[in-house]
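As structure tokens, the structure follows; a few thoughts come after it.
The values are calculated or read from the model by the stated rules, or taken from the named source; none is laboratory data. Since this is a predicted model, take the numbers as computed values, not measurements. Every residue, glycine as well, gets a Cβ built from its backbone with ideal geometry; the counts of neighbours run over all protein chains shown.
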Amino acid sequence: MQAESNRLQAETSREQTAAADRASARNREVATKDTTPRNLAYLYTAALFAVIGAEIYYGAHVQEINAVAARTLDTLLGVLIAMVLGTKEYYFGSSARQDESQKKVLDFAVSPGAVTTETGAPLKPPAEARDDLAKNWTK
């Protein structure tokens, strides 16, 4: 139980540090009137839609695309998606995902050993789950 408590404290400290870092970066941008992060966000978003448009164009109008060009576009698409997501987290944080994760940890801490599904319903024992599956399969 002590190890779980230590792990939760370490995770909480790490998240507080990350939140403070995001806040200080945004405050620095406001204080220095630096438009670089905003301009990069616009650039990443525009480039993402340009690559998506290029892929749609090539898919609809070009009969055969060079394999190297296809891989390059796909790699560029992945990089741009990551950059746009990073920009979103810079400006808006990623608190929604963290709140959901924290709720799951808290639920487990309140009733250790209780295993639930994503909907929050208790997990059925294997025999009962097998019987339900057999009944539903024959319908």
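Scanning region 51-73 for residues that are under 23 Å from GLY86 (Cα atoms) and exposed (fewer than 12 other Cβ atoms within 10 Å of the Cβ) yields GLY53, ARG71. THR119 fulfils the conditions (1) surrounded by fewer than 11 Cβ atoms within 10 Å (Cβ to Cβ); (2) part of a helix (DSSP H, G or I); (3) modelled with pLDDT under 70 except for a single criterion, (2).
Give the residue that is modelled with the highest pLDDT, with candidates limited to residues of region 90-116 that are surrounded by 12 or more Cβ atoms within 10 Å (Cβ to Cβ) and assigned to a loop (DSSP other than H, G, I, E, B). Looking at residues that are surrounded by 12 or more Cβ atoms within 10 Å (Cβ to Cβ) and assigned to a loop (DSSP other than H, G, I, E, B), I get GLY93.
From the list VAL51, VAL68, VAL84, VAL62, the lone residue that is on the phi < 0 side of the Ramachandran plot and in contact (Cβ under 8 Å) with a residue 40 or more places away in the chain is VAL84. The single residue among THR75, THR87, THR45 that is touching a Pro at 6+ places or on another chain (Cβ under 8 Å), modelled with pLDDT of 85 or more and part of a helix (DSSP H, G or I) turns out to be THR87.
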